[in-house]
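Enquirer: To start, I am sharing the structure in question, which I have written as structure tokens.
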Amino acid sequence: MNTSQSPSASGETSISMTVIDLVAQADGADPLETEPLYHAIDPDILDSLPDADGFSRLEFSYQGYTVSVTDGTDGVEISLAETGVSVDESSGDLIDTEFST
């Protein structure tokens, strides 16, 4: 499991860019080589989640991963899990990061 702290929403990095960077990192690719995020979800809606009343969790599929965005105690938490299941029926690796708001 890989955990890191991301800049705040008022800082330089948005939730949508954090998702793109995490997927690129997991794939060992350049973020510019990933599928456009808007094919999976509206990035503006994703970036507005910390300000949304009642937001607690959102999941969506993006480039072979299930992306979970959760309202955590220290900010928004973003996790990736591979959508495929291996031969031994175990799920893929989980990559976590926290995005403070």
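The values are calculated or read from the model by the stated rules, or taken from the named source; none is laboratory data. Just so you know, these numbers come straight off a predicted model, no measurement behind them. Reconstructed Cβ throughout: ideal geometry from the backbone, glycine too, with neighbour counts over all protein chains shown. The accessibility values were calculated without ligands, DNA or RNA, using every heavy atom of the protein model including side chains. Shrake-Rupley method; radii C 1.70, N 1.55, O 1.52, S 1.80 Å.
Enquirer: Filter segment 63-87 down to the residues that are at pLDDT 90 or above and hydroxyl-bearing (S, T, Y) and list them by number.
Expert: Listed by number, the residues that qualify are Y65, T66, S68, T70, S79.
Enquirer: Further, regarding this structure: If you go through segment 15-31, how many residues are within 16 Å of V76 (Cβ to Cβ) and either part of a loop (DSSP other than H, G, I, E, B) or open to solvent by 70 Å² or more (accessible area, probe 1.4 Å) (or both)?
Expert: 1
Enquirer: Quick one: which residue in F60, F55 is over 15 Å from the mean Cα position of the chain (by Cα) and modelled with pLDDT of 90 or more? Steps first, please.
Expert: Values: F60 fails: over 15 Å from the mean Cα position of the chain (by Cα).
Just a single option satisfies the conditions, and that option is F55.
Enquirer: Can I ask one more? Kindly evaluate E12 against the criterion of being at pLDDT 90 or above, part of a loop (DSSP other than H, G, I, E, B) and out of contact with any Gly (no Cβ under 6 Å at 6 or more places or on another chain).
Expert: So E12 does not fit the description; no.
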